[in-house]
Amino acid sequence: EHSQRPSLLKVTLQTLQRFLTWIPLGFIFSTNLVDTLLNKFFPEQQFRNDTLDCLTEIGSLSDLEPEYDPLFRKLFSGFLARLGSIFSPETNLVQPFENGSEEDCIFIQRLALFLSGFLKAHLKALETPDTQQSLITGLFYLVRVSEVDDVEIFRICLEAWHMLAHDLYQTENEIKARPGGNSVLNLGGNGSSNGAASRKYMYGPVLTGVRQVMIAKMAKPEEVLIVEDENGDIVRETTKDTDVIAQYKTMRETLVYLTHLNCDDTESIMLSKLTGQVDGTEWSWNNLNTLCWAIGSISGAMTEDEEKRFLVTVIKDLLGMCEQKRGKDNKAV
């Protein structure tokens, strides 16, 4: 704590990070360790990444007694206050990440690990009146991090979004399954139904951002090709890119949950992006392919009538765009 040698302090922080997963909790929460990390080392750029590693280990501790919840709430709120002095949750990180230094890129990756790990471990503990705003702010930071063009960082964030979407979807289904719980709003029903509704709407603005990210980054689904084998028989052949297929399946599940939670919002975002393709403001082969994969991924998530109406609009716009485009390559896309 009193050393003035940066090299020694960095090694000490790196060593501490390796001990944090198994040392007694008293050494973490009954000392000034967290305050020292947050208020002394995290603000200093040369120590920031190593400090964030330590905070990630602490924040990811799970299955602890409820008595520790207030300490995690204090840690999360204090961290966001310090992070806010570096950049706001409205900051677009795409260009800073692309043009930033190696240290900046490492910081964004470790920020993804911290936020994702903390939220997976302590989401319910943060859903209190005192920390609700901090929770929403932290989720908006995670949306910004999810937008950067890095596959590994996105996969880290995707785990948290899948967990949140599944949790909210499961809560809504449990309420609907109860007697008198056909509507999540259930304005004349019991308090738990209203609690589920308020929880869903509390996350509403964040979930809109998550839908936009999922649709813009949708992975390529498994392809089935019809080919002729060595015996002259016509057979189906599937693609073998297992990492991308696994990512697609997780993204599809997440987007299906998000569509069940607010079908109109998902449809609105998709049609807005399709309009950007038709009028040329966002046209690119990749953008169009990604959008089509996203549209295909939510098959069955709407009611039959909603899906028919939505697909008629999509197909009509795609056919119109096909007529506008010149060149075999563009038409093929």
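Distance between the 7 Å Cα→Cβ label points at Ile245 and Thr313: 3.3 nm. Across the chain, the relative contact order, built from alpha-carbon pairs under 8 Å that are at least six residues apart, equals 12 percent. Would you work out if the stretch 1-101 is rounded, prolate or oblate? Take a ≥ b ≥ c from the square roots of the eigenvalues of the alpha-carbon gyration tensor; rounded if a/c is under 1.5, else prolate when a/b is larger than b/c, oblate otherwise. Oblate.
Think of the stretch 250-333 as having a plus end and a minus end, set by charges on the Cβ of Lys, Arg, Asp and Glu; of Leu255, Thr290, Cys322, Cys322 sits farthest toward the positive end of this dipole. Counting charges near Leu274 (Lys, Arg +1; Asp, Glu -1) among other residues having Cβ under 12 Å from its Cβ returns a value of -2. Glu306 sits among other residues whose Cβ lies under 10 Å from its own Cβ, and their net charge, with Lys and Arg +1 and Asp and Glu -1, is -3. Taking a sphere under 15 Å around the Cβ of Thr131 and counting the other residues whose Cβ falls inside, with K and R at +1 and D and E at -1, yields a net charge of +1.
Which percent of the Cα-Cα distances in the stretch 60-189 go past 17 Å?
Details: 5318 of 8385 pairs.
Summing the P(r) of the stretch 60-189 above 17 Å gives 63 percent of all pairs.
Modelled this way, with points 7 Å down the Cα-to-C-beta line, the labels at Ser284 and Glu127 are 3.7 nm from one another.
Normalised by 2.2 N^0.38 Å, where N is the number of residues, the C-alpha radius of gyration of the chain stands at 1.16.
Rg and Dmax, both from the Cα atoms of the stretch 253-333 and both in Å, are 13.0, 40. Computed over protein heavy atoms with a 1.4 Å probe, the accessible surface of the stretch 9-117 works out to 51 Å² per residue.
Say R0 is 45 Å: what FRET efficiency, to the nearest 0.05, do Lys40 and Glu323 get from their beta-carbon distance?
Rounded to the nearest 0.05, the efficiency is 0.10.
The values are calculated or read from the model by the stated rules, or taken from the named source; none is laboratory data. Computed from a predicted structure; not experimentally measured. As a convention, Cβ positions derive from the backbone with ideal geometry for all residues, glycine included, and neighbour counts pool all protein chains shown. These accessible areas exclude ligands, DNA and RNA; they are computed on the full protein's heavy atoms, side chains included. Shrake-Rupley method; radii C 1.70, N 1.55, O 1.52, S 1.80 Å.
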